[in-house]
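J.: What follows is a structure written as structure tokens; I'll ask about it next.
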Amino acid sequence: MRKRFATAVAFLAVTGLMLTGCQQSKEGSSVDNKKAEQEASKLPATDWQRAAADEVKQGGSLKLAIGQMPSNFNISQVDGALVDLDTMMDPTLGGPIKIKEDGSWTVDHNYAKSVKLVSKDPQVVEVKLNPKAVWQNGDPITWKDYYWFWKANNGSNKKYQIASNRGFKDIGKIEKGENKFDVKITYKKKNADWANYTAALLPASVSKDPKKFNKGFEKKMVPSNGPFMVTNIDHGAEVITEKPNPKWWGDKPKLDSITWKVIEQQQQPQAYANKELDAVETDTNADAYKTAKSRKDGAMQKSTGLIWTHLTLNAKHGALADKKVRRAIGHAINRNVIAKAAMSPVGAPVMTQNNTIFMPGQNGYQDNTQGTMKYDPKKAKKILDDAGYKKQGNVRAKGNKKLAFSIVVPAGTPTNAQRAKQVQKNLNDIGFKIKLQTVPSAKYFSDYIDRHKFDMATFSWQGTAFPIDSTVNLFYPADAGQNYTGISDPSIGKLATKANSEFDEDKRRDLANEIDKKILDVEGVMPIYPTPQIFGVKKGLVNYGAAQLESIDWTIAGWKK
């Protein structure tokens, strides 16, 4: 399950699709996105079984899986910005707001009495913290935690290896209000996503020390302030255990423990079917869906989703720096085949992803591709011909720039590999020479993606309830920590500034779509398809499962009486 409280960082996921039956699809087949969007709108935003607190048993364990052991347990550090860590730490860390089913936010009174925008010009936000809220060592959460977390993440001190400075760099100062539980946040640059920056995810003792921030949590979890805390990390067995936090001040959690076992992605559905897990996320993997569905004491849940798959190009590598080559790639990839092969076997609406900011189901989603990713191999060949990339042996080249590249693929993720094979086939058909480079799954992000050591890669991004600010960081500026393309358009920054200072939601969504058009025009990332949330869940498990945006209340997640 994805983390539901707000964060500035967009998260990486290896998840993809299994191209089962891909070769039976017609190459020229089209997807009716309008019809698919109508079908997608029929999916619920949350599909888990709801139960009131008094309907949930006291006790019991919850067995879940992640795909890899994080290389850093600080999610604000560049190596820690992974969906697996985001998922696993959700029961242990929270903040002053929580997301409702419709994607809007409300105050989480466990952490704050109130969260208010008290002034628009200058922009001032006031967070009145709950004095009962503490870190796992019993220290109260105060304005100082906010101050130092901002100082660590605003990008002013290059000693901090941060995942993103989005939002934090717009803040001019954080100071104490009437008392230490009164946080006053003054912006030097307006930010309409201000609610996204109302949590301090680390205590001041960590944030004020770059060494602790960067290296202090490579083997251990950051301090908890949630209903659960990590009590053991078994690096040998790759099992993480969470138990109720004895310092938690809110309602007592129903579960006695949550365990997260590292299981390779393709093995998780079988582990669930074998009753080693209580829930599993299958997304659009047809084989995984079939395996999970076979469990007799389980049920399948489907909701709208936040994950979207794509092909990312390292546009500083050889001919990939040529926009004409990237444009040809956009026309060469048959996204329709990939989407159909992914969605049809699991009964999900078949559609391609045509927006990098909004997800289908979110207010603001529209197709901004402007025809640049319409499957047309003849047009792709003509673009390359006109640009001077001629056949030299078995590969096109222009001078010494050959269209020979590799797609880096994490081992043990057949969904990712199969998607890469489809891209390989499409590109080789128009004169590229694409090879697949399989690397250890645990090193895929830390050693290859994060280090820009790849030509092409196909993984997924997870959206948020605050998509504009967190998404822009993926595409602007060129050297942003999560912009793996290495290129950008300066106008994206200007439009983002305008959007972030616009408090009218309708006008802001219009500006966001202008930003998206610029992002797609750069053609460094080719969106492929959106993934609905699809879960296999053991019967009796309540308040946990498939949901697009809604925050999980970990105090009532558990087993029905």
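J.: Which one of these does LYS316 not meet: (1) of a type outside the set (A, V, I, L, M, F, W, C); (2) buried (at least 18 other Cβ atoms within 10 Å of the Cβ); (3) within 28 Å of PRO467 (Cα to Cα)?
T.: If we test LYS316 against (1) of a type outside the set (A, V, I, L, M, F, W, C); (2) buried (at least 18 other Cβ atoms within 10 Å of the Cβ); (3) within 28 Å of PRO467 (Cα to Cα), just (2) comes out false.
J.: Follow-up. So which residues in the range 108-124 are farther than 12 Å from ALA199 by Cβ and of a type in the set (A, V, I, L, M, F, W, C), if there are any at all?
T.: LEU117, VAL118, VAL124
J.: Could you list, in sequence order, all residues of the range 375-400 that are of a type in the set (D, E, K, R) and at pLDDT 95 or above?
T.: The answer is ASP376, LYS378, LYS379, LYS381, LYS382, ASP385, ASP386, LYS390, ARG396, LYS398.
J.: Scan the range 186-216 residue by residue and report those that are modelled with pLDDT of 95 or more and touching a helix residue (DSSP H, G or I) at 6+ places or on another chain (Cβ under 6 Å).
T.: Within the range 186-216, TYR187, ALA200, LEU202, PRO203, ALA204, VAL206, SER207, LYS208, LYS212, PHE213 qualify.
J.: Could you check the range 455-495 and list, in sequence order, the residues that are closer than 19 Å to GLN77 by Cα, of a type in the set (S, T, N, Q) and assigned to a loop (DSSP other than H, G, I, E, B)?
T.: Those that are closer than 19 Å to GLN77 by Cα, of a type in the set (S, T, N, Q) and assigned to a loop (DSSP other than H, G, I, E, B): THR464, ASN473, GLN482, ASN483.
J.: Okay, moving on. Out of (1) under 26 Å from GLU502 (Cα atoms); (2) within 25 Å of the chain's Cα centre (by Cα); (3) assigned to a helix (DSSP H, G or I), the odd one out for ALA200 is which?
T.: That leaves (3) as the condition not met.
J.: OK, next. In the range 449-480, what residues are more than 17 Å from SER164 (Cβ to Cβ) and at pLDDT 95 or above?
T.: Those that are more than 17 Å from SER164 (Cβ to Cβ) and at pLDDT 95 or above: LYS453, PHE454, ASP455, MET456, ALA457.
J.: Any chance the range 456-478 includes a residue that's free of Cβ contacts under 8 Å to residues at least 12 places away in the same chain and of a type in the set (D, E, K, R)?
T.: No; the residues of the range 456-478 include none that is free of Cβ contacts under 8 Å to residues at least 12 places away in the same chain and of a type in the set (D, E, K, R).
J.: Let me ask something else about it. Considering only the range 175-187, I want to know if a residue exists there that is outside any strand (DSSP E or B) and among the basic types (Lys, Arg).
T.: Within the range 175-187 (the criterion being outside any strand (DSSP E or B) and among the basic types (Lys, Arg)), the answer is yes, since at least one residue qualifies.
J.: When you scan the range 384-449 for strands (runs of 3 or more DSSP E) that lie fully inside it, which ones turn up with 3 or more residues that are under 18 Å from GLN265 (Cα atoms)?
T.: 404-410
J.: Continuing with the same structure: Looking at the range 163-174 only, could you name the residues that are crowded, with 19+ Cβ neighbours inside 10 Å, touching a strand residue (DSSP E or B) at 6+ places or on another chain (Cβ under 7 Å) and not in a loop (DSSP other than H, G, I, E, B)?
T.: ASP170, ILE171, ILE174
J.: Looking at the range 541-559, which of its residues are in a loop (DSSP other than H, G, I, E, B) and farther than 15 Å from ALA299 by Cα?
T.: GLN548, LEU549, GLU550, SER551, ILE552, ASP553, TRP554, THR555, ILE556, ALA557
J.: Go over the candidates TYR146, TYR187, TYR111 one by one and state the one that is buried (at least 22 other Cβ atoms within 10 Å of the Cβ), more than 25 Å from the chain's Cα centre (by Cα) and of a type in the set (Ser, Thr, Tyr).
T.: From the options TYR146, TYR187, TYR111, the qualifying one is TYR187.
J.: Can you find a residue in the range 519-540 that is in a helix (DSSP H, G or I) and hydroxyl-bearing (Ser, Thr, Tyr)?
T.: no
J.: Would you check if LYS316 is of a type in the set (D, E, K, R), part of a loop (DSSP other than H, G, I, E, B) and under 29 Å from ILE434 (Cα atoms)?
T.: Spelling it out, LYS316 is indeed of a type in the set (D, E, K, R), part of a loop (DSSP other than H, G, I, E, B) and under 29 Å from ILE434 (Cα atoms).
J.: Regarding the range 86-94, can at least one residue be identified that is β-branched (Val, Ile, Thr) and part of a helix (DSSP H, G or I)?
T.: The answer is yes, given that some residue of the range 86-94 is β-branched (Val, Ile, Thr) and part of a helix (DSSP H, G or I).
J.: Next question, about the same structure. I want to confirm something. Restricting to the range 414-433 and keeping residues that are among the polar types (S, T, N, Q) and without any contact (Cβ under 8 Å) to a residue 40 or more places away in the chain, which single residue is surrounded by the most Cβ atoms within 10 Å (Cβ to Cβ)?
T.: GLN424
The values are calculated or read from the model by the stated rules, or taken from the named source; none is laboratory data. Computed from a predicted structure; not experimentally measured. Here Cβ is always computed from backbone atoms with ideal geometry, including for glycine, and neighbour counts include all displayed protein chains.
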